[in-house]
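Undergrad: Following this message is one structure expressed as structure tokens.
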């Protein structure tokens, strides 16, 4: 294909040469070129290999609808699947073709084309079934993934995007003729208007074709300049250029992506795209139409392109991709291409029209006759042939004779469709137009207005009245624009979806979806196999499931299906176009919500101390908690955890428990409210005492636990699990508002206001005495499960005597700002007693030794307090509390429910594993009845062996018996089922 | 994304709210005898109609107040929002758009009307 430059062009700066690399070779283009136009300028049309058959593919279109020319931008973090027809080149851009190996010219994968008769629709589903399940994962899938596909994923994630919100009255999508007219009528009205266009230059059809000769007796480009200036100077209309609306959500919520570096290399560290989130009163769709192609043998050869795209290259990029293209059409839309070619002194090599001579527009007829263009009416192209490019075509003329025409370029037009993607995204209804052979918007669901060809108005006759009528409700200026056309015709089309090949062959391919390599044969096969509903057919054949969503071909598929089923197209229906209109990158969607901003990181007031002291962190919800502390680099996690836990048992340890949820509950009816929320009864509880409490769901299952401190009947402080804080507060608020609005009670989160230190171990009392000399920590003055308020160096603190380790322990609550000071003080006075920090892992080990549960680890939303052996915590005399009635449901009183037990290996040297099943038989022979599973499992230095907590069926009555635990190596370990307490069963240490 | 009119704060984006399922489900009085079936229905059974539906929402990232609304589940349209202590509106006051035999509204359900 030999292209020529048409230097009389306002958009391409022919004085400014730009060098770029394609597959490692250096070429030149001009400022304003897209990758596609620059490649065509260098006579390159082979730009990629197809998805499945690895067939050579070229540039098919000149815009966003491109199915073929997808390239990898090496110079931009290797961005894959970029449409060459959109992306503008800049100095030094490096581009690579996709899906080929070792090179684009000689691609090994073309072997797929040879085997193509077996790669038909449903091939994968039918073929890769056996001989074993593992074959799919280990052999088939890796092979298919290697052979099929588009570009390679980029390695780095460097794109930065900002999100901007807009709130406007009217959004006009598309800045073509109708979009500009609509915007013009809103100038200086009381409406805030956003005009969005995908291109850098507004104008649409005015820039892309020679259809219009005069507007208001002015040259179209002059009119355009004046109109844009008028809009730009207005106070109420804002223009967003280089911005593509990808999504039309409910309640007129639009999402649009703006490319901020069109024609420039993105600067690292700068925002390269902006995601606009637009809430608008009305949406006016002026996004035009898309030309569709036609199916015949080898309609995918490089050198074939849509006729309006050819014209767009001429008008918009100053480039005729070929000097003498053949034109094949079934409609009047390609007339203007003939006019454009002749205008610049070129002429089509032949004009082939499926319509009869009478149907063809008289002025086109005259033009063709006057310029001696070979004309074939009532004719069809049976096939295109050539090696990696189109070389000749076979034309069947009206007499049925076959003519061979040599050519290097073929322009197709199968008719035009309104671009209904956004309209259907908005859930509007479409109607089939039998005359124009396309789906057109009919009934909108939202306040949506369609104008121009987007509404299916393919003629310009009613331009003014259409705009005026549809914008009537806004009471804006009325338009009176005079248009004169170069090809003064009404849109006319004859039905033609597919031309059957001349010779029947297993290898003859007429494509219906270029991007996904779907042929018309696949469509037939799917229907034969019973997939005759259009949504099924789409998924079975993958037709229109590529990233282009079949923009140039999906209507053709409907036409072919309707013919095959002998149904009308509107009976066949359409598949639904879903957002996004065109792919948008994850980095654009993520915006600034990535890395440390992806999810808020919450840190305790002591965090910087942990950092300095070798803490290895664990994520608990959003919190960063020290998992364990490494005293030197060689210490393993196991060593650290054992060291920390032994130290708590022998000396004393300190844990930063600041992440525990804390909720303050106050009010006249606080006591009654707490009695309703928790299982325990707080009525007889003394002021200044604390109680371990459970919270259930209405289904009777344990949802959360914590310690409740009763300051008075009107004032409580509850702690929750670290992860459950928000849920518990939400639950309290919900019941306070919805079920018991008569109770006067208020609750507030004080999690972040107070830091919490848990100190425990036999030497804790000495440390506390030394750290807080004015407080009496004796058993009499400060018994277990009581709390006291004190002041220390002017800082108000609350000390609670409680323990999660089974040792003597205190929890200190300190206002967060003063916490580091007191932490440091305790650390320094504790040194002589061997005080050491411990992390969450040692805490888990210590609590499991005592059989204390962790909600969410030992429970899973199907465990009642009775299952846990915690019936004593249920306030049986209370009339009501959350989930009370559920505890006596037939299901919750079953005896064979899973219940909490302890597990130790019968042979103490054996290891146990978390998550493994408890079973009755030593041999694993399927089916294996499962009793339950291990929920927590640790090695304990104190015990000298592994131990575990488990929930097993009828567990309480199985205590004292033997069973087996499965292992990850598919064998079993003999275990003893014991009470879930492994250490200090009499709680002597706790109350010492 | 929906716009929800919080009765306390006014219209806000859906992302500020959480859905709380069916509204006007009465919690049985715990001080009285409650049958297994009655309790089970309260805990586990909720209506799931296509069309008009009383629903609870909470303004989680706002005033944290619970309120009720009437939503058309087939079109997602929220027809009215009202405070918990307000009387529930009569559904006959609203036009349900569910028309076609399968219960799909003609417009807005995402399904095109196909002659059956």
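Undergrad: Set the Förster radius R0 to 35 Å, insert the Cβ-Cβ distance between residue A:25 and residue A:241 as r into 1/(1 + (r/R0)^6), and round the FRET efficiency to 0.05.
TA: 0.60
Undergrad: In nm, what is the difference between 0.36 nm times the number of residues separating residue A:713 and residue A:611 and their Cα-Cα distance?
TA: 32.6 nm
Undergrad: Right, next: What is the log10 of I(q)/I(0) for the stretch A:895-992, computed with the Debye formula using one identical point scatterer on each Cα and no solvent, at q = 0.19 Å⁻¹?
TA: Log-scaled intensity ratios, in q order: -0.85.
Undergrad: How high is the FRET efficiency from residue A:770 to residue A:586, r the C-beta distance, R0 56 Å, rounded to 0.05?
TA: Computed FRET efficiency for residue A:770 and residue A:586 comes out at 0.50.
Undergrad: Just need the Rg to Rh number for the stretch A:420-489, please, alpha carbons only, Kirkwood Rh. Show your work: numbers first, answer last.
TA: Numbers: Rg = 13.5 Å, Rh = 13.5 Å.
With Rh from the inverse mean 1/r over Cα pairs, Rg/Rh is 1.00.
Undergrad: Still on this structure: Stick to the Cα atoms of the stretch A:613-688, pair each with every other, and give me the Kirkwood hydrodynamic radius in Å at one decimal. Don't skip to the answer; put the middle values down first.
TA: Details: mean 1/r = 0.0620 Å⁻¹.
It works out to 16.1 Å.
Undergrad: Expressed as an acute angle from 0 to 90° and rounded to the nearest 10, what is the orientation of the C-alpha long axis of helix A:637-650 relative to the principal long axis of chain A?
TA: Value to nearest ten degrees: 30.
Undergrad: Spin-label point model (7 Å from Cα, Cβ direction): what's the residue B:95 to residue B:19 distance in nm?
TA: 2.5 nm
Undergrad: Give the calculated FRET efficiency between residue A:470 and residue A:578 to the nearest 0.05, with a Förster radius of 30 Å applied to their Cβ-Cβ distance.
TA: Details: r = 26 Å, r/R0 = 0.88.
FRET efficiency, residue A:470 to residue A:578: 0.70.
Undergrad: Continuing with this model, one more query. Would you mind putting A:207-216, A:225-234 in packing order, based on average other-beta-carbon counts within 10 Å, highest first?
TA: A:207-216, A:225-234
Undergrad: Another question about this same structure. Provide, for q = 0.13, 0.18, 0.26 Å⁻¹, the log10 of I(q)/I(0) from a solvent-free Debye sum over equal Cα point scatterers in the stretch B:3-93.
TA: Debye output, listed in q order: -0.49, -0.85, -1.32.
Undergrad: Work out how far the C-alpha atoms of the stretch A:686-825 reach from end to end along every principal axis, then list the three figures in whole Å, largest first.
TA: Computed over the stretch A:686-825, the largest-to-smallest principal extents equal 49, 30, 28 Å.
Undergrad: Taking only the C-alpha atoms, wrap a convex hull around the stretch A:651-696 and report its volume per residue in Å³ as a whole number.
TA: That works out to 129 Å³ per residue.
Undergrad: Take residue A:385 and residue A:925, extend 7 Å from each Cα along the Cα→Cβ direction, and tell me the distance between the two endpoints in nm.
TA: Label-label distance for residue A:385 and residue A:925, simple model: 7.0 nm.
Undergrad: Averaged over its residues, how many other protein chain Cβ atoms are within 10 Å of peptide A:885-892's Cβ atoms?
TA: Average per residue, whole number: 4.
Undergrad: Right, next: Dividing the Cα convex hull volume of the stretch A:20-160 by residue count, how many Å³ per residue is that?
TA: Once divided by residue count, the hull of the stretch A:20-160 is 141 Å³.
Undergrad: Right, something else. What is the angle, in °, between the Cα long axis of helix A:819-830 and the longest principal axis of the Cα atoms in chain A? Nearest 10 is fine, range 0 to 90.
TA: The helix A:819-830 is inclined about 40 degrees to chain A.
Undergrad: Could you run the Debye sum over the Cα atoms of the stretch A:511-572, one equal point scatterer each and no solvent, and tell me log10 of I(q)/I(0) at q = 0.17, 0.22, 0.26, 0.27 Å⁻¹, two decimals?
TA: -0.46, -0.79, -1.11, -1.19
Undergrad: Next question. I'd like to know how the protein assembly as shown sits against the 2.2 N^0.38 Å rule of thumb: what's its Cα Rg over that expected value?
TA: It is 1.17.
Undergrad: Oh, and also: Hey, could you get me the Stokes-Einstein D for the stretch A:661-749, Kirkwood radius over alpha-carbon pairs, 25 °C and 0.890 mPa s, rounded to whole µm² s⁻¹?
TA: Estimated via Stokes-Einstein, D reaches 193 µm²/s.
Undergrad: Return P(r) of the stretch A:103-257 (all Cα-Cα pairs; 10 Å bins starting at 0; whole %; ordered from short to long distances).
TA: 8, 24, 18, 14, 18, 13, 4, 0
Undergrad: Express in whole angstrom the spacing between the alpha-carbon centres of the stretch A:583-602 and the stretch A:398-462.
TA: The stretch A:583-602 and the stretch A:398-462 have Cα centres separated by 38 Å.
Undergrad: Quick one: helix A:554-565 against the long Cα principal axis of chain A, what's the angle to the nearest 10°, folded into 0 to 90?
TA: Tilt of helix A:554-565: around 80 degrees.
Undergrad: According to the Cα gyration tensor, what semi-axes, each the square root of 5 times an eigenvalue, does the equivalent ellipsoid of the stretch A:465-594 have, listed from largest to smallest in whole Å?
TA: Taking √(5λ) for each eigenvalue gives 35, 26, 16 Å, largest first.
Undergrad: Something else now. Please report Rg over Rh for the stretch A:777-905, where both radii come from the alpha carbon positions and Rh follows the Kirkwood definition.
TA: Details: Rg = 19.6 Å, Rh = 18.4 Å.
Result: Rg/Rh = 1.07.
Undergrad: Obtain the nm distance between the two label points defined at residue A:565 and residue A:536 by a simple spin-label model: each point lies 7 Å from its Cα along the Cα-to-C-beta direction.
TA: 1.0 nm
Undergrad: Take residue B:29, project a point 7 Å from its Cα along the Cβ direction, then tell me which residues of the stretch A:866-887 have their backbone nitrogen under 20 Å from it.
TA: Under 20 Å, as judged by backbone N against the label point of residue B:29, lie A:877-886 of the stretch A:866-887.
Undergrad: Quick check of the Kirkwood formula: for the stretch A:274-389, what is the inverse mean of 1/r over all pairs of different Cα atoms, in Å? Don't skip to the end; give the middle numbers.
TA: Working: mean 1/r = 0.0622 Å⁻¹.
16.1 Å is the Kirkwood radius here.
Every read-out reported here was derived from the displayed coordinates using simple, explicitly stated rules and does not represent laboratory data. A quick note: this is a predicted structure, and the numbers were derived from the prediction, not measured. Here the Cβ is made from the backbone with ideal geometry for all residues, glycine too, and neighbour counts use every protein chain on show.
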